[in-house]
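The values are calculated or read from the model by the stated rules, or taken from the named source; none is laboratory data. Because the structure is a prediction, the values reported are computed rather than measured. Don't worry about glycine lacking a Cβ; one is built from the backbone with ideal geometry, like all the others, and counts go over all protein chains shown.
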Amino acid sequence: MTANAARQDVEAAAAGLVKTPRSNRDLEQQLAGFKTIAEGLDYAARGLTGFNFYSAKGQLSHVLTFADLRSRALATARKLVSAGLKRGDRVAVIAETGPDFMAVFFGCQYAGLVPCPMPYTMYIGGRDAYVERVTGMLRAAAACAVVTSSDLEGHILAGAAGAGVEKVLTHEALQALPESLIKLEAFGPDDVAYIQYSSGSTSEPKGVLITQKAIMANTQGILRDGLRVTKSDRAFSWLPLYHDMGLVGFCLAPMMGQVSVDYISTPSFARRPALWLRLMSENRSTVSFSPSFGYDLAARRINGEAVTLDLSNWRAAGIGGDMVRADVLKQFSDTLSVSGFDQNAFMPSYGMAESTLAVSFSDVSQPIRIDAIDKLAFKLSGQAVPALETQDRDAVRSFVVCGKPLPGHEMVVRDEMGSVLRDRQIGHIFVKGPSLMSGYYHNAQATDAVIAADGFLATGDMGYLLDGEIVITGRAKDLILHNGRNIWPQDIEWAAEQVEPLKSGDVAAFAVEGDDGQDNVVVLVQCRVTTEAGIEKLRREVSAVVHHSAGVECAVVLVPPKSLPFTSSGKLSRAGAKQKFVSGELVEITQRAPQAAEFLAAAQ
Amino acid sequence: MTASQETIDQICKLLEPFNSTGKALTPDTEISADLNIDSVAVMDFVMEVEDHFDIEIPLNVVSETHSISDLAAVVDARVKKA
């Protein structure tokens, strides 16, 4: 234990806080296999493990053993009943990382109420956009009540008013209610479990309806088959609990396996990315996941501190939620190897909220596998042809292999006509299995659009299979067709982002269909350059690299910083960017984008 | 709410390293809209302000803060409370 860790433990103990132990000595570890979330918590509550919350400065601020969580949840269940809520009612709850959210989420499980975790606001000046987003979610969920921290009450009142939700309760107000004495009826094995809002745009949010059966299947797959969890494991997370990777991966799954978790909130991570690694070192954590960008941010902020850390216990460093980027992982392991980080700990994975969370994990005991393929064959024929070692680097595209589907789940790749493709043929990815959502809440049309009669979910992702493992190459719906060629917008964006001073997330590429049915390529670029000469230089350079990388004419439209829309999971929303462009909401910062005006006129 | 000139000056000093536009900072400068600072850098800046003044600024307050003078008023109110 480092001196710092010892000091923190002493401070926390002085405040009466002792973090939960790594494992239960007297309770056999059971990796899911329960019938409901409530049953899983009943079991976990017999041990000593649980959740630990750290402040933005890295101090232990709350300890919630699973036993504490169960008793708080049972009390909260009775208070929710006292608030007038009836079985099956949707209860929106702002998913701030802390015991209050947990009490409501699990309280709903014991009261037969459907919790709907909702995001909080993180951005300076972001109030209006946030209220609009919450209004849409509350309306789509037909929420009967919303529970929030007192900090956010003003925002939530505005959102609730817009959505016609009358019951707005702060955690304090909820906890002040009496405990109803009626017999609680927890959700049964055939009931729903929760609704998750992370799909769809602000104007049309789609709630993913997850059943008890689906969460049981997925958490078992995560614990037993993906991570192969043992009593030596201790998890760490900064992921938001309104997102599937945070909620399922680092709250529900650990609870189902009686694994202790140490948390910092997402804003704490954004402010101090190095805190993630520092606390993992102090807790000798073994499992933590992040999208590629989190590894990028942490590696860039750790500076000289890396040498003081001990990350040698970290055996599963999962990557999910965005395209796994091999270059970012290499940078991270180069920077952190000095702290004992083992690059073989990297564990690429694939999943989506529509499949509860996880679809596939790469083998936790193996190093990551990178498939280098011929770029030209990839573009022209939709084939993933292995690159020759002698090939020029520019002619090669490398993808990270994301593992086999969980047992009991199927994954197929199909072409446009629906025929199943062989290994190394690129097509649309479909998944099937017990983890799938039962549908989008109250939105049969959207559900039918993604789940076919054969039970397969259209993931909207493109990729190919390789010895039963999946390789993701991009999103299907964003595909650009140009002169009969398939162009992946990711390729254009990736190329443009290499132009100084652009960064990842600064570029959105998409096609706008012209009069002739031909796709015109529009490249939106967030421009932080302010001099006229600089602006025109940027436009020229982006245009040049797009020509070079995709061989296509494009209109480069320079837009203000931070104007490109992102999904709640942090992915660039190309469809959203396109919509904003076509509607005229996103416009060129100068008056000079002649082609764009032409394309726009054709599109409108 | 009005902000003291001293607080405004100190915030400008803390903000300057994040200001890549070269624009002069004034009380009316909108931190996110005018200065081309990405969201992670803004979080970073807010943290610097919190550390400098030894206060905490909750996220709901951050979400309602636009200009430098807004932020200075928040700081003054919280320093006083502490």
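Just to be sure, is A:Ala129 in the same structural domain as A:Tyr43 (by TED's automatic domain parsing), touching a residue at least 24 places away in the same chain (Cβ under 8 Å) and at positive phi?
no
Could you name every one of the strands (runs of 3 or more DSSP E) located completely within region A:48-155 that has at least 3 residues being in contact with a His (Cβ under 9 Å, 6 or more places away or on another chain) and either within 14 Å of another protein chain (Cβ to nearest Cβ) or within 22 Å of A:Leu239 (Cα to Cα) (or both)?
Per the criteria, A:50-54.
What about A:Phe378, is it at pLDDT below 90 and either more than 24 Å from the chain's Cα centre (by Cα) or at negative phi (or both)?
yes
Out of curiosity, is A:Lys183 of a type in the set (D, E, K, R) and closer than 15 Å to A:Ser435 by Cα?
No, not satisfied.
Kindly evaluate A:Leu466 against the criterion of being under 26 Å from A:Leu329 (Cα atoms), modelled with pLDDT of 95 or more and assigned by TED's automatic domain parsing to the domain that holds A:Arg325.
For A:Leu466, the condition - under 26 Å from A:Leu329 (Cα atoms), modelled with pLDDT of 95 or more and assigned by TED's automatic domain parsing to the domain that holds A:Arg325 - is met.
With the structure loaded, tell me whether A:Leu177 is aliphatic (A, V, I, L, M), more than 18 Å from the chain's Cα centre (by Cα) and farther than 26 Å from A:Val261 by Cα or whether it fails that test.
Yes, satisfied.
So in region A:492-521, with the set limited to residues that are in contact with a helix residue (DSSP H, G or I) (Cβ under 6 Å, 6 or more places away or on another chain) and part of a helix (DSSP H, G or I), which one is modelled with the lowest pLDDT?
A:Ala495
Residues A:Arg87, A:Arg25, A:Arg78, A:Arg46: which one is surrounded by fewer than 21 Cβ atoms within 10 Å (Cβ to Cβ) and under 22 Å from A:Ile210 (Cα atoms)?
Result: A:Arg87 is the single residue among A:Arg87, A:Arg25, A:Arg78, A:Arg46 that is surrounded by fewer than 21 Cβ atoms within 10 Å (Cβ to Cβ) and under 22 Å from A:Ile210 (Cα atoms).
Output the number of the condition that B:Gly22 fails; it satisfies all remaining conditions of (1) over 23 Å from A:Pro267 (Cα atoms); (2) at pLDDT below 95; (3) in contact with a helix residue (DSSP H, G or I) (Cβ under 6 Å, 6 or more places away or on another chain).
The failed condition is (3).
I'd like to know if region A:133-150 contains one or more residues that are over 27 Å from the mean Cα position of the chain (by Cα) and at pLDDT 95 or above.
No: zero hits.
How about region A:441-458: which of its residues are in contact with a Leu (Cβ under 7 Å, 6 or more places away or on another chain) and touching a residue at least 24 places away in the same chain (Cβ under 8 Å)?
A:Tyr441, A:Val450, A:Leu457 - these are the residues of region A:441-458 that are in contact with a Leu (Cβ under 7 Å, 6 or more places away or on another chain) and touching a residue at least 24 places away in the same chain (Cβ under 8 Å).
Consider A:Trp494 carefully, then state whether it is crowded, with 21+ Cβ neighbours inside 10 Å, under 30 Å from A:Arg540 (Cβ atoms) and in the same structural domain as A:Leu572 (by TED's automatic domain parsing).
no
For A:Val307, indicate whether it is without any contact (Cβ under 8 Å) to a residue 60 or more places away in the chain and out of contact with any Pro (no Cβ under 7 Å at 6 or more places or on another chain).
Spelling it out, A:Val307 is indeed without any contact (Cβ under 8 Å) to a residue 60 or more places away in the chain and out of contact with any Pro (no Cβ under 7 Å at 6 or more places or on another chain).
Quick one: which of A:Arg46, A:Arg78, A:Arg90 is within 26 Å of the chain's Cα centre (by Cα) and charged (D, E, K, R)?
On inspection, the qualifying residue turns out to be A:Arg90.
Suppose we filter A:Ala145, A:Ala214 for residues that are in contact with a Ser or Thr (Cβ under 6 Å, 6 or more places away or on another chain), closer than 22 Å to A:Gly88 by Cβ and of a type in the set (Gly, Ala, Ser); which single one remains?
A:Ala214
Within region A:199-292, which helices (runs of 4 or more DSSP H) (wholly inside it) include 1 or more residues that are out of contact with any Pro (no Cβ under 8 Å at 6 or more places or on another chain), within 14 Å of chain B (Cβ to nearest Cβ) and closer than 30 Å to A:Lys35 by Cβ?
none
Among the candidates A:Phe53, A:Phe34, A:Phe106, single out the residue that is buried (at least 23 other Cβ atoms within 10 Å of the Cβ) and either of a type outside the set (Lys, Arg) or closer than 20 Å to A:Ala141 by Cα (or both).
Step by step, each of A:Phe53, A:Phe34, A:Phe106 is checked, and only A:Phe106 is buried (at least 23 other Cβ atoms within 10 Å of the Cβ) and either of a type outside the set (Lys, Arg) or closer than 20 Å to A:Ala141 by Cα (or both).
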